[in-house]
Amino acid sequence: MKDSDFKGLTHRVGQLKIGSCGSEVAAGYKPDITVVDTSGQLKFILESEQKTDRKSFLGAVVKAQKYAEECKASPMLVIVMQPQPNTTVKQIAKHIQPYVAWLKQRLNGGLNLSGVLVISDTDYQASVNANELLGSEAFVKRGVSVQA
């Protein structure tokens with residue numbers, strides 16, 4: 001899914017609201033979408049990746065963690081990817097898992113990210129179409145959670 005298409009979706013955020021859409025939220029950091037609660041507290045960071053460059057996925061994790069730490073927030077990072085025959089959602093989740101665990105260890109077990117979920121663009125779109133709220137049990141079941 002193209003970045004512009006992803007940003008233009010009607011994301012199902014319930015009582016939450018879109019905090020930013022591709023704009024710079026911190027020096028050098030422009031996540032695709034951030035979702036905040038009514039007080040402005042960061043709840044979700046959504047990153048859409050068209051390429052299957054594994055370094056991009058690692059970069060998304062590191063940037064999201066740094067931003068969450070700066071905000072003193074515990075958002076869930078949702079990575080929406082376009083799977084390829086040689087790169088699946090499960091493979092990417094498995095690839096970034098040791099780095100998430102390493103980062104957590106470096107921070108003495110104190111990752112700010114409450115979780116990392118990798119989901120395909122088609123499953124994300126299906127979730128939007130099914131009116132599933134971002135972060136709901138049904139939504140999370142569509143992706144692969146990265147365990148730290």
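The values are calculated or read from the model by the stated rules, or taken from the named source; none is laboratory data. From a predicted model like this one, the values you see are computed outputs, not experimental measurements. Virtual Cβ from ideal backbone geometry, glycine too; neighbours counted across all protein chains shown. The protein model used for the area step is the full one, side chains on, heavy atoms only, and it has no ligands, DNA or RNA in it. Shrake-Rupley method; radii C 1.70, N 1.55, O 1.52, S 1.80 Å.
Observations, loosely collected:
- Hits in segment 135-148 - residues which are open to solvent by 30 Å² or more (accessible area, probe 1.4 Å) and of a type in the set (A, V, I, L, M, F, W, C): Ala138, Val140, Val144, Ala148
- Residues that are part of a loop (DSSP other than H, G, I, E, B) and in contact with a Ser or Thr (Cβ under 8 Å, 6 or more places away or on another chain) within segment 37-88 comprise Thr52, Ser74, Pro75, Gln82, Pro83, Asn86, listed in sequence order.
- Number of the condition not met by Ser23 [criteria: (1) in contact (Cβ under 8 Å) with a residue 12 or more places away in the chain; (2) assigned to a loop (DSSP other than H, G, I, E, B); (3) open to solvent by 40 Å² or more (accessible area, probe 1.4 Å)]: (1)
- Of all the criteria given as (1) among the charged types (D, E, K, R); (2) in contact with a helix residue (DSSP H, G or I) (Cβ under 9 Å, 6 or more places away or on another chain); (3) open to solvent by 20 Å² or more (accessible area, probe 1.4 Å), the one not satisfied by Glu69 is (2).
- Count of segment 91-110 residues which are of a type outside the set (S, T, N, Q) and open to solvent by 80 Å² or more (accessible area, probe 1.4 Å): 4
- Positions within segment 74-88 being over 13 Å from the mean Cα position of the chain (by Cα) and open to solvent by 10 Å² or more (accessible area, probe 1.4 Å), in sequence order: Gln82, Pro83, Gln84, Pro85, Asn86, Thr88
- Remark: pairs (first residue in segment 133-148, modelled with pLDDT of 95 or more; second residue of a type in the set (Ser, Thr, Tyr) and surrounded by 15 or more Cβ atoms within 10 Å (Cβ to Cβ); Cβ separation under 6 Å; 6+ apart in sequence or on different chains) = Phe139/Ser127; Arg142/Ser127.
- Tally of residues being assigned to a loop (DSSP other than H, G, I, E, B), open to solvent by 30 Å² or more (accessible area, probe 1.4 Å) and in contact with a Gly (Cβ under 9 Å, 6 or more places away or on another chain) across segment 116-134: 1
- Filter result (within 16 Å of Gly135 (Cβ to Cβ) and under 14 Å from the mean Cα position of the chain (by Cα)) within segment 1-11: His11
- Of the listed requirements (1) open to solvent by less than 30 Å² (accessible area, probe 1.4 Å); (2) more than 26 Å from Gln41 (Cα to Cα); (3) touching a residue at least 40 places away in the same chain (Cβ under 8 Å), Leu113 misses just one: (2).
- Set Val128, Val118: member being under 14 Å from the mean Cα position of the chain (by Cα), of a type in the set (Val, Ile, Thr) and on the phi < 0 side of the Ramachandran plot: Val118
- Condition check for Ile45: open to solvent by less than 30 Å² (accessible area, probe 1.4 Å), more than 18 Å from Gln125 (Cβ to Cβ) and among the β-branched types (Val, Ile, Thr): yes
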